Amino acid sequence: MTVLHARQVRALRIAVATGVVAALILPLGIAAAWNQLLDSRASTTVATGGITIPNTPAALMAAIGEGGQLSHVVVATLAANGVGGTVVLLPIGAATETTQLDDQPASAAKNASAAEPPRRLADVYATDGLGGLANEVQGLLDVSFVAVGALARGELINLFAPMGGVDVLLDREVVTLAVDGTPTKLADVGQATYPIDRVVDILLARSAKEKESVRFSRHREVWNGIVQRVGGGLEIAPEVDTTPAGLADVTNFMRRVFGGALQVWQLSAAPILDTKTNPKRADLYSLDRAEVVMVFASVAPSALSGGDVALSVLIDSPFNDPVVSRAAVAAILDAGFGVAVMREISAQETTTSVVAGDPEVAEALSGLLAGTLGELETREWAAKITGVDAAITLGTSFADLVRNGGR
C-alpha cells in the first residue's frame, strides 16, 4: 500500500468511525445460487428495521482414516432456518499460512528464510492434533467454528447411515492401502450405488503416491451423490438436539445440516511448485483467497472472523456468475477492504456499479475503487447497515470487463 493510499484509507476509516450506524438491511437467509450452490432465493431477500445478520454457524469435521491419519476435512455451515446448509470441501494438502518465526530478529521480517514454511493440513493434524488443525483452518479461512470434531470410520458410518446408500460417479477406480500395505479395490470407474460403509471407505481411501488432487476430485463426486440423496432434507431423528447447545457437537451439527436442502462447494486448490515456498516438493496446495471469502461471505457471513481492515462492504451481484463475483471480491480485498456479505440478487442490470453509504464514505470509497469496478456512481443509502460500512451493486461495465479478461 502506498503512503498516499494509506492516508486515504485512514481518512476513510475516520469517516466511518464518526458515522452513526443505525438500522439494518441484510438478507434473511444466506445462500449463493451458483453452480453447486443452488435452489435458494433466500439470500436475495432484503429487509430493514432491526433485522440482524442471520445466524449461520460453521463447524469443522475431520475424517480420520487408517493409522489415525487425516483423510478428509470439510467445513459445514448451517442455514439460517436451522436445518440444511452448505458443505465446503478443503484438501488435506492445503498449505497453512506462513508465519514469522518468534526467534528471528525484526530486521529479518523481509527475508523469506525468516518465515516458517507452510505445512500441509494433514501434517498439522499428525503433529498438533485436532486443536492445531482447527486453529490453522480458522486462520486460513478467517472463519470461526462453533463445533470441531474428528470422526473415525465407525462414527462416519453412523453419521451417514440414514442415507441408506449413495449414487457415486467416479472417473477412475479407487484403491486403498491398509496399514500393512495391502491394497484393496473399493470401486470401479463409472456410476454405481454404494452402501454407506463403502461410501465412507471411498472418502477415507489413500494409496501410495496418490496425489491429493486425485483424492480431492473423488471427494467432490462422493459429496455430489450425498447432496442428491439428501434432497430436500433427511428426517431428523428424535435424539438430535435442535437447541443452540446442540450445535457444539459436530455429529449433531451435521445431522441438522442433513435435515434440510444441502449444497456443496469444493474450494479451488493449486499445487505449489515454487521451491522456495515448497523446498521439499511436498504435495502442497494453495487456496484462492478471493474465492474463500466469496463463498463464506455468501453462505456463512455470521461466522466470518474478519480482519484488520479499514471497512467492510456488502456486495450485491445481479449476474449469478461466480467469475464476476469472485473478481469483485478480489478487487475489494486488493484495495485493503473486507467483504462482510456477498449476495446474488434478482434485480435489473445497470451499466454502472453503485456504491451506497454515508455520502462521505461512499465518495471516498468510490475514489479508492476507481478503475477496478467499471463505471461507478455513488448514492446515499436509505437505511444504514450494522456491521457493513457500504453496499456495492455490480454493474454490467464491470461484468463485461471481467468476462473480456480485463480483470
Original post:
How many residues does the stretch 391-400 contain that are more than 22 Å from the chain's Cα centre (by Cα) and crowded, with 19+ Cβ neighbours inside 10 Å?
Top reply: 3
Subject >> Search result, residues across the stretch 137-176 that are out of contact with any Pro (no Cβ under 9 Å at 6 or more places or on another chain) and of a type in the set (Val, Ile, Thr) >> reply: VAL137, VAL143, VAL148, ILE157, VAL168, VAL174
Subject >> Identity of the residue in the stretch 166-204, at pLDDT below 95 and of a type in the set (Gly, Ala, Ser), that ends up nearest to the chain's Cα centre (by Cα) >> reply: ALA178
**OP:** Go through the residues of the stretch 289-306 one by one and say whether even a single one is within 30 Å of VAL214 (Cα to Cα), surrounded by fewer than 18 Cβ atoms within 10 Å (Cβ to Cβ) and out of contact with any Ser or Thr (no Cβ under 8 Å at 6 or more places or on another chain).
**Re:** yes
Original post:
Out of the residues in the stretch 141-157 that are in contact with a helix residue (DSSP H, G or I) (Cβ under 8 Å, 6 or more places away or on another chain) and surrounded by fewer than 19 Cβ atoms within 10 Å (Cβ to Cβ), which is nearest to THR251 (Cα to Cα)?
Top reply: GLU155
Original post:
Among the residues of the stretch 251-263, is there at least one that is more than 19 Å from the chain's Cα centre (by Cα), surrounded by fewer than 19 Cβ atoms within 10 Å (Cβ to Cβ) and at pLDDT below 95?
Top reply: no
Original post:
Checking MET342 against (1) out of contact with any strand residue (DSSP E or B) (no Cβ under 9 Å at 6 or more places or on another chain); (2) closer than 18 Å to ASP142 by Cβ, which single condition isn't satisfied?
Top reply: (1)
Subject >> Pairs where the first residue, in the stretch 156-172, is over 10 Å from VAL200 (Cβ atoms) and without any contact (Cβ under 8 Å) to a residue 40 or more places away in the chain and the second is in a helix (DSSP H, G or I) and among the hydroxyl-bearing types (Ser, Thr, Tyr), C-beta under 7 Å, 6+ apart >> reply: none
**OP:** Mind counting the residues in the stretch 196-225 that are open to solvent by 50 Å² or more (accessible area, probe 1.4 Å) and among the hydroxyl-bearing types (Ser, Thr, Tyr)?
**Re:** 1
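Yes or no, residue by residue, for (1) surrounded by fewer than 16 Cβ atoms within 10 Å (Cβ to Cβ); (2) in contact with a helix residue (DSSP H, G or I) (Cβ under 8 Å, 6 or more places away or on another chain):
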{"residue": "LEU159", "(1), (2)": "no, yes"}
{"residue": "VAL166", "(1), (2)": "no, yes"}
{"residue": "ARG172", "(1), (2)": "yes, yes"}
{"residue": "VAL179", "(1), (2)": "yes, yes"}
{"residue": "GLN191", "(1), (2)": "yes, no"}
{"residue": "TYR194", "(1), (2)": "no, yes"}
**OP:** Test VAL313 against the criterion of being touching a residue at least 60 places away in the same chain (Cβ under 8 Å), in a helix (DSSP H, G or I) and not hydroxyl-bearing (Ser, Thr, Tyr), and give yes or no.
**Re:** no
Subject >> Scope the stretch 358-389; condition closer than 18 Å to ALA328 by Cα, part of a strand (DSSP E or B), of a type outside the set (S, T, N, Q) and open to solvent by less than 60 Å² (accessible area, probe 1.4 Å); matching residues >> reply: LEU376, VAL388
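The values are calculated or read from the model by the stated rules, or taken from the named source; none is laboratory data. Since the structure is predicted, the reported quantities are computational estimates derived from the model, not experimental observations. Don't worry about glycine lacking a Cβ; one is built from the backbone with ideal geometry, like all the others, and counts go over all protein chains shown. When the accessible area is computed, the model is the full protein with side chains, heavy atoms only, and any ligands, DNA or RNA have been set aside. Shrake-Rupley method; radii C 1.70, N 1.55, O 1.52, S 1.80 Å.
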